[in-house]
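Here's the structure, in structure tokens; my notes come after.
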Amino acid sequence: QVQLVESGGGLVQPGGSLRLSCAVSGSRVSVSGMGWYRQAPGRQREMVATIATNGMPEYADNVKDRFIISRVVVENTVYLDMNKLEPEDTAVYYCHKMMSNYWGQGTQVTVAS
């Protein structure tokens, strides 16, 4: 069975950086599209970044200048490097296997001074 386990969330000051990790088991990140989503209180879950099976990344407009999604095949892990964080980035971040119903448990990111 597929399991996605996020880690790396925490409290960071505006302008800071944070790296989120998604450890994947039961599926290879090299043969499945992966994505990062986030959900803030009172808002719907939104796509943050995706990486296709060929490695092509795609980003939401409000993060494309600041975030980088990547994968390390040997680790079977997907990363989200977040830079120049803003309070609006505060949310629970979820790892997702595209075209599936598999989600991680989420990791909290709080951006506040």
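Leaving ligands, DNA and RNA out of it, work out the accessible area of residue 77 with a 1.4 Å probe and give it in Å² to the nearest 10.
Roughly 10 Å² of residue 77 is accessible to a 1.4 Å probe.
What is the ratio of the Cα radius of gyration of the chain to 2.2 N^0.38 Å, where N is its residue count, to two decimals?
Numbers: Rg = 13.1 Å, N = 113, 2.2 N^0.38 = 13.3 Å.
Here the Cα radius of gyration is 0.98 times the empirical estimate.
Quantify, in whole percent, the carbon and sulfur part of the accessible surface of the range 51-113 (1.4 Å probe; protein heavy atoms only).
In the range 51-113, the share of accessible area belonging to carbon and sulfur is 51 percent.
What full-extension length gain, to one decimal in nm, is calculated for residue 47 and residue 84 as 0.36 nm per residue of separation minus the Cα-Cα distance?
Numbers: separation 37, 0.36 × 37 = 13.32 nm, distance 1.83 nm.
My answer for the length gained is 11.5 nm.
Want the number for residue 100 to residue 113: 0.36 nm per residue separation, take away the alpha-carbon distance, what's left? Kindly include the intermediate steps, with their values, before the conclusion.
Numbers: separation 13, 0.36 × 13 = 4.68 nm, distance 3.68 nm.
Gain in length upon complete extension: 1.0 nm.
Using the heavy atoms of the protein chains and a 1.4 angstrom probe, tell me the accessible area per residue for the chain in square angstrom.
Per residue, the chain has 54 Å² of solvent-accessible surface.
Could you check the simple spin-label distance between residue 30 and residue 13, using points 7 Å along Cα→Cβ, in nm with one decimal?
4.2
Charges only on Cβ, +1 for Lys and Arg, -1 for Asp and Glu: so what's the dipole of the range 1-92 about the Cα centre, in debye to the nearest 20? Could you put the intermediate results ahead of the total?
Details: 9 positive and 10 negative charges, 34 e Å.
Computed charge dipole of the range 1-92: roughly 160 debye.
Roughly how many Å is it from the Cα centre of the range 92-109 to that of the range 1-76, as a whole number?
8
The values are calculated or read from the model by the stated rules, or taken from the named source; none is laboratory data. Owing to the predicted nature of the structure, the values given are computational and were not obtained by experimental measurement. Virtual Cβ from ideal backbone geometry, glycine too; neighbours counted across all protein chains shown. Heads up: the accessible areas ignore ligands, DNA and RNA and are worked out on the full protein's heavy atoms, side chains in. Shrake-Rupley method; radii C 1.70, N 1.55, O 1.52, S 1.80 Å.
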